[in-house]
Structures are given as C-alpha cells and as structure tokens.
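For reference, the structure discussed in these notes is given below.
What follows is calculated from the coordinates using simple rules that are stated; it is not laboratory data. Model, not experiment: these values are computed from the prediction. Using ideal geometry, Cβ is built from the backbone for each residue, glycine included, and neighbour counts are taken over all protein chains shown.
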C-alpha cells in the first residue's frame, strides 16, 4: 500500500547533508480545478461533500456535478466584482459545504481564497489579528456562515475594507447579502475564460501563519504547490490510486493540514469528504464520535489530542472499536508529535481487535510547503518518525550546534509572503532553500531511508546555566506521556536557570476524574487536589527514572488553570501550543513556578 522509501544523500564540504527522493516526481495537474472538472465529468453523481450539524440529523450531500455547477456560478459572481489577488475572497467561518464551494469557486477563476480561523472572530476579544489580516488582504468579498454570530467581528473590521459581505444566513447584519443569491448567479463565458487562464504560478490561496511573534504573515500558496504536493502524495501512498478516498475530518481549512493535505487528498482521488462538525475538545468530541459511528473513514486524520480522546472512547465501545480498526486502513497524525504512550495504546488495541497493527504514520511540513515535505510511507518502529523527502522535494540538513537544522526546496515551497518582500528575502538561503527553523535527527545516520525524527524548533531550544542543551520538542513529547493523564500539553521552561521546569496545561476532565470531584467544582480545587498533585509528582518521577541527565526531566511543575489564549497566540485551531508565546505571556505563572512557595508547584520526588 506504500511505495518503498528510496533516498539519495549527498554530503557537502560545509558539513551539510542534502537529501532527496530517488524517485522523480510525476507530472502534476495544472490546477486544483482540473480535478473537480474531471470527477464532475467522469463520476457526476458521486458524493464529494457531506455535512450535518448534529448526530440526529441526516447528512446533507453534494455530488461532484452539483459542486462544479455551484463553483462556476459563484465564480461568475466573483469575476463581476472585479476580484483578483489584490481583492481576494476572505472566509471567516468554520468548515462547511458552502465554505468548500466558495473556496473552490475562487480558485477556479484565479481569485485567491483565504480561510481565516473563526477563533479570531468568535473567541478573540480585541479582534487585533483579524484586523491586521483584513488590512493586509484588502478583500473584495468576505463570507460568514451566520451574519448575526459574526456581527461583532464584522463591525470591528468594517472601516478597514470595501468588501461585500456574503452570509449563509444574512439576518442580523444589514449590509450582508445571501450566499444562496450569490450562488444562483448565471454562469458567463468569462468563467470558462478565467479558468483556462490559470497556470502553475497562479495564486490559489493565502494561508496565515500564527503570528505568535508579531502580525500574522500571509503565505502565498500557488497552484503548483498544491498539485505537485498531491502528485507526490499519490506516489508515496500508492493505495490512493486504487479508488476514491472516504474521510471524516474536522481539521480546519484555515490551516494547511486540513485545507491542503486532507481536502485535496479527497478531491484528487474523486473521494468523499464528510465534514466533521465536532473536534477534540470538551463538549464537541461527542459529535465526532457520533459521526465516526456513522462513517468509518479509509484514512483517519487527527492531531495527538484527538487520538488521546479517541483511545478512551474506543476502550468503552466494543462495536465502534471493531468497526474502526476493521475499516481504517491508515491512522495519520500531524500537527505535533504523537506521545509514545498513545502510539502503543493504538497499536495494542488494533492487534487485540483485528489481529494486526493498523499502520500509524505521519509527515512533516509547514504552511510554506503546502504542507507535505516529508512522508513516513512505511510503518515506523515508534512514534515521531516523520519519514523521508517526498518526490520532487529536497532537504538540506545543516549543522547548527549539536543539531541538524533542516531547510526545504521544491515545487511545493511558497514563493514568499504577500506584500512582504523583506520577510520573503530573509526566509530563503543562498541556494533557494526555505528556512524552516526546525531541527531533524536520523533514525539511523547510515540508513537515511529509515526516516527522520523531528528534533525541535531551533528557536525553542535553550541552554541551562550548566551548559546543557534542552531539546524542547523531544522533552515535551516524553513529558506528556509520563504525566498522562494529567497533562494535555506541556510548556518547557528553565531558560537562564540550572534546571528544567514545566508549565502544564492540564486535561481538566481527566484531573476531575482523578480528584473525584463533581462537574461544578472549581478548577483550582481540582488541580490542587491530593490525587492530582500525587499523579503529577509520580509522572515527574517516572520521567526522571528514565535516565539521561538533567536535560531529560523537570524538577518541578505547575498546573495552569487559565486555558491557552487565542489573542495571545498561545494556541492554534489544531490545539498546538506555541512554547515561546506562552512563556512570553505568562510571566506570573513562571514567577510562581520558580518561587519558594511549594504550594504553587509540584516537585519531583
């Protein structure tokens, strides 16, 4: 089901190692719209998109031919508004059929679409990041699912643009026009002419970075990036050539993982994407489970937090467990490394259920690489292996201290940041490689085909006053596993100190169960309970017992009751924690962690 990993490695005089796939990349499509045109012609009645708002409602479905008809109509409307890269489409709402169709319509006529995280409109208190995005984009149209729900955000950005506001439900915002009316626009010859004019270098999307260290940057995503990425994916995952892919996916289209990797994987194969309105968060995962009971995907995509919640659910549901492991061909994780305890739980459960281990794989890349740069198209021995370079993509591994900094070059790499020439220039080295800022380590330096492991962000790693380097990424994953189930995530602290310490983002539900406290018990009471403190101390002791010296464990931990902040750039839609942003924003938490009052922290026994 996977192609063999064949790698060419070259060592350069400067000590760098250049890696690439020994398999050349296949020819790739002119644009994403060519796939939609193909399936609308070849399998017009096949279902492309499905959604439902709740488990007690039927799926609303849209076939390929219906999708193309809507795309052409919406494209005609966009062209009539004189839309272009300098007047793109901005989408502020969650994943939905309307979102998908509008996104595809813009790309179909050469107008970039920009899906912006709904958190910047619905969770943010100051709308500062949304304002900076709109100011940069100068959109010609803005789409929201529900005008009333988004009214505060729309009012906040109103002075910054001249765009038309389109809404699935326009009531509650006077100037909003109905999406249904826009989608009924008659197709014109200009639509076909615009589609014919699209090429590899046409801008398909702008996707924003997190903006944790300043204003978010708009990453240019060209048609070449998106189509070459999927060509390489099909070369690595050969089973995708066997027929249409069925998926159930919640990952947001404001991020490259959900928007480019997963969405385009389905479209490229003529498959069906069931849009999961749930997500791995308290109160929302129940809908994801209900959807999973209804639709078992060929490939299950999720982030580590999602797998953590899935494992607990599968243990309690015999029927779902049997159907899941019998139907899912591959379990794929990305967004962050999967803690080894979750890997082992999935592997053990699948063997016990169906008699074999369902492959657990990952990949690596970024918004700037569309996102696939490496792919683990083989069953690794343990969690964390992000695979080898995909066809067409080169990696440069450059010594940086005791690490190997990784840089990327290929057709999947962005030409730069929108309206930011200086930032673009700084993002590439003299050989044209994009500076990822990540570090890698070989599974086996003598056998590069066995893959690479993520070795942390170069900018996140730090030295203790003893001179000992701390690999934040590696330690974080090990610590989450050791402190399970207390820790949902961990921020590694200790800069300018002589020992490592943890700021722990707790799994409140798991801590409440440990403490045996009711739902209405204050969070501080839960976190300060004897049971939770004892479990945390035991986790610290377990980590220390693994050996390896001061770089491999923490001497104390503090459980934080305040959840990560969207406005502060501490967390993404996928639940990934930005270490630098948390450390910068939480000076008070750090002071308590480093203070003398042990009521504020838990020590390693």
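Here are the numbers for this structure:
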item: For the stretch 375-497, projected area of the alpha-carbon convex hull averaged over all directions, nm²; result: 10.3 nm²
item: Equivalent ellipsoid dimensions for the stretch 16-88 as semi-axes, Å, which come from the Cα gyration tensor, largest first; result: 31, 22, 16
item: Under the Debye formula (equal points on every Cα, no solvent term), log10 I(q)/I(0) of the stretch 62-131 at q = 0.15, 0.16, 0.25 Å⁻¹; result: -0.53, -0.59, -1.04
item: Extension reserve of the residue 14-residue 329 stretch, reckoned as 0.36 nm per residue once the Cα distance is removed; result: 109.1 nm
item: Virtual spin-label span in nm between residue 446 and residue 317, 7 Å along Cα→Cβ; result: 4.7 nm
item: Long-range tail of P(r) for the stretch 156-214 (Cα pairs > 12 Å, %); result: 80 percent
item: The chain - mean residue ellipticity at 222 nm from DSSP helices (-39,500 (n - 2.57) per run, n ≥ 4, rounded to 500); result: -10000 deg cm²/dmol
item: Projected area, mean over directions - the stretch 186-320, Cα convex hull, nm²; result: 11.9 nm²
item: Global size of the stretch 241-385 as Cα Rg and Dmax, reported in angstrom; result: 14.3, 41
item: Pairwise FRET efficiency - residue 158 versus residue 128, Cβ, R0 = 25 Å, nearest 0.05; result: 0.95
item: The stretch 239-318 and the stretch 421-469: distance between their alpha carbon centers, rounded to Å; result: 30 Å
item: Peptide ranges 442-450, 407-415 listed from the most packed, as the mean C-beta count within 10 angstrom indicates; result: 407-415, 442-450
item: Order by protection proxy (mean Cβ within 10 Å, highest first), peptides 2-10, 335-343, 242-250; result: 335-343, 242-250, 2-10
item: Between the stretch 344-367 and the stretch 526-605, the alpha-carbon center distance in angstrom; result: 28 Å
item: Hull volume in cubic angstrom per residue (convex hull over the Cα atoms of the stretch 447-494); result: 117 Å³
item: Stretch gain in nm, segment residue 509-residue 1, where the contour uses 0.36 nm per residue and the Cα spacing is subtracted; result: 179.1 nm
item: Directionally averaged projected area (convex hull, Cα atoms, the stretch 120-245), nm²; result: 11.1 nm²
item: Difference of contour (0.36 nm per residue) and Cα-Cα distance, residue 600 to residue 187; result: 142.2 nm
item: Degrees separating the helix 340-354 axis from the principal Cα axis of the chain, which is the longest one; result: 70 degrees
item: Pairwise FRET efficiency - residue 531 versus residue 135, Cβ, R0 = 60 Å, nearest 0.05; result: 0.75
item: Angle in degrees between helix 64-80 and the longest Cα principal axis of the chain, rounded to the nearest 10; result: 80 degrees
item: Peptides 583-591, 111-119 ordered by average Cβ neighbours within 10 Å, highest first; result: 111-119, 583-591
item: Inter-centroid distance (Cα atoms) of the stretch 79-109 relative to the stretch 163-206, Å; result: 5 Å
item: Cα principal axis extents for the chain, largest first, Å; result: 73, 60, 53
item: Nearest-ten-degree value, helix 285-294 long axis tilted from longest Cα axis of the chain; result: 60 degrees
item: Percent of C-alpha pairs per 5 Å bin, the stretch 462-603, short to long; result: 2, 10, 21, 23, 22, 15, 6, 2, 0, 0
item: Shape metrics for the stretch 63-198, restricted to C-alpha atoms - Rg then Dmax, Å; result: 14.2, 44
